[in-house]
1. Mind telling me which of the residues GLU67, GLU114, GLU77 ends up being of a type outside the set (A, V, I, L, M, F, W, C) and under 20 Å from the mean Cα position of the chain (by Cα)?
2. Report yes if ASP52 is loosely packed, with under 12 Cβ neighbours inside 10 Å and either in contact (Cβ under 8 Å) with a residue 12 or more places away in the chain or of a type in the set (Asp, Glu) (or both), otherwise no.
3. Is it the case that segment 100-116 has a residue that's exposed (fewer than 14 other Cβ atoms within 10 Å of the Cβ), of a type outside the set (A, V, I, L, M), in a loop (DSSP other than H, G, I, E, B) and in contact (Cβ under 8 Å) with a residue 60 or more places away in the chain?
4. Tell me, please, whether a residue that is modelled with pLDDT under 90 and either assigned to a helix (DSSP H, G or I) or among the small types (Gly, Ala, Ser) (or both) can be found in segment 70-77.
Amino acid sequence: MLLLMRVLRAMRYKTTGFSLIEVLLTFCLLILILMGTMQLLAQAARLKEKTDLLAQMTAYLVNRLEELKSLPPDSPERQGDHYEEFKDSSAKYKLGCYWRQVQEASQAWRLEIEVSSLQPQGHKVQATLWTTSLLGF
């Protein structure tokens, strides 16, 4: 009988579950981890959008450069300063393209081309192509 009373007393004081402090600490740690994860996801989304924009600008620059390279140096398309505005293929960004040809020598030219974003502003991709008719390229 004495043994049974001791067992019953021990069971009565034995706690099951978690205390309020343990639950609050766990909840705070979980919130901190989730906030860090959300910041990483937001930063990754911004970075992806920026790289998508730069990829679109670079693709347009390469295509435009190839078009201009295929024209003869005295073509009106290559002479003087030129500027055009357009939307990219996804119609998400508004871009501007500026190019000009500068004669460096009697049969040598420098073709400068720049693609910049108008919406959002601040991003720019540039290239320079040197051509000469003496060497055939």
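The values are calculated or read from the model by the stated rules, or taken from the named source; none is laboratory data. For clarity, every value in this text was computed on a predicted model and none was experimentally measured. Heads up, the Cβs are rebuilt from the backbone with ideal geometry, glycines too, and the neighbour counts pull from every protein chain shown.
1. GLU114
2. no
3. No, segment 100-116 contains no residue that is exposed (fewer than 14 other Cβ atoms within 10 Å of the Cβ), of a type outside the set (A, V, I, L, M), in a loop (DSSP other than H, G, I, E, B) and in contact (Cβ under 8 Å) with a residue 60 or more places away in the chain.
4. Looking through segment 70-77, at least one residue is modelled with pLDDT under 90 and either assigned to a helix (DSSP H, G or I) or among the small types (Gly, Ala, Ser) (or both).
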